[in-house]
Structure formats: C-alpha cells, structure tokens
1. Output the residue which, of all residues in segment 146-168 that are open to solvent by less than 20 Å² (accessible area, probe 1.4 Å) and either touching a His at 6+ places or on another chain (Cβ under 7 Å) or β-branched (Val, Ile, Thr) (or both), is nearest to residue 64 (Cα to Cα).
2. How many residues does segment 1-49 contain that are open to solvent by 40 Å² or more (accessible area, probe 1.4 Å), touching a residue at least 60 places away in the same chain (Cβ under 8 Å) and either of a type in the set (Gly, Ala, Ser) or assigned to a helix (DSSP H, G or I) (or both)?
3. Any residue in segment 130-145 that is farther than 29 Å from residue 182 by Cβ, at pLDDT below 90 and either in the same structural domain as residue 15 (by the TED database) or surrounded by 15 or more Cβ atoms within 10 Å (Cβ to Cβ) (or both)?
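The values are calculated or read from the model by the stated rules, or taken from the named source; none is laboratory data. What you see is a predicted model; the values in this text were computed from it and never measured. Cβ: placed from backbone, ideal geometry, glycine included. Neighbour counts: every protein chain shown. Ligands, DNA and RNA are stripped out before the accessible areas are found, and what is left, the full protein with its side chains, is counted by its heavy atoms. Shrake-Rupley method; radii C 1.70, N 1.55, O 1.52, S 1.80 Å.
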Amino acid sequence: MQNWITHFMEQFGYFGIFLMIALENVFPPIPSEVILTFGGFMTTYTDLTIPGVILAATLGSVIGAVILYGIGLLLDVERLEKIIDRWGHILRVKKEDIRRADAWFDKYGYWTVLFCRMVPLIRSLISIPAGMSNMKFGMFLLFTTLGTLIWNIILVSIGAALGESWEDILAFMDVYSNIAYAVIAVAAIVFVVLFIRKRKKSAQ
C-alpha cells in the first residue's frame, strides 16, 4: 500500500495529497504518517512547498472528518435509544446510560476531538461520536482543524527535514501510536469503572 500511496502522490502532487488524506480519514487503514512525511520529503525534490502540502493535507483531512461527522448524525443518540429500547435487556444497557455518555461527550467532546486528531486511526473515528452527540458543527470544525493542523505541521516538517530518510520516522510513529492507544485504553477503563460505581450508587 505504501508504494501505491507514494506513487499516486508523486503523480498528482497537491491533489494527490488532498485525496489520499481525505481517503485516510474515511478509510483509516491508509496511514496518514506515510502520506504526510512523504509529502514533506516531496518538497525537497519537487516544486511542492511545505505550506502547500500542509494546506492540501488539512483540507483533505477536514473534508474526510466532515463526512464521518455526517454519518454520526445519521446514527444519533435518539436512534441509539430506540435500539436500546428493543435490545437493551440483552445488552444490559439502559437509555439512561446512553444519555450519561452523551452528556459526558457534550462536556469534554471538544478537547477529545482535538487530542484524538493527533492519534493514528482514532483521528478518523472520533468524528463519528462527535456527530452522534450532535456536537455544534462550528466547534467540531474548529477543534478538528486545529488538531489536524498541528498533526500535519509536525509530520510534514519532519518529512522535509529528514529528506530521503523520511521512512525512519515510521518506526517511531508505531511506538507513539501504541503509547497513545495505551493511554486512551487506561482512560476508558477509568471512565467505565467510575461510571459503574455511579450507576450502583444511584440504584441504591
């Protein structure tokens, strides 16, 4: 896949970067770190510029995120509640649980979107719960763009600085991804434990 991505980018330049990043957001297995670092490397031997690559990547990324946000809107909380009404007794989930989770995302969702836009794979998927919780589109767009811009600036700049050794960063990105996933997993476990405790107290 990596060879196909880099060949496509070399052939189509800014448009290739824009399209690859948009697809990466909708189809997470496409690695953004390859696209962005190679895009940075391309600025060392083509007419592409670092600001141009960052702009193309940011536009593609935001458009991809908006598509997933729209999918989240179609799978909104109200539809989830209807599913829970029918199957909640099997899943052992109540409508109140959905509302609490939605309220949590309403409270911390903006910063969650900002942080997750800088974590491979999750950077794409976070747009779906944002849509499901009916996050204000303007705020979603703002925090998505900020997180995306930070991520793009860092990786494109690294790719340009490393030049032909741009692939060296990929091994480090694997380590970074694993650490980020571990932190998110721990946070999720803590959230679930606190959620269960609160639920038990309210049931007493």
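1. 148
2. The total comes to 1.
3. Residues of segment 130-145 that are farther than 29 Å from residue 182 by Cβ, as a first pass: 134, 136-138, 141.
Now narrow it down to the ones that are at pLDDT below 90: 134, 136.
Now narrow it down to the ones that are either in the same structural domain as residue 15 (by the TED database) or surrounded by 15 or more Cβ atoms within 10 Å (Cβ to Cβ) (or both): 134, 136.
Yes - at least one qualifying residue is present in segment 130-145.
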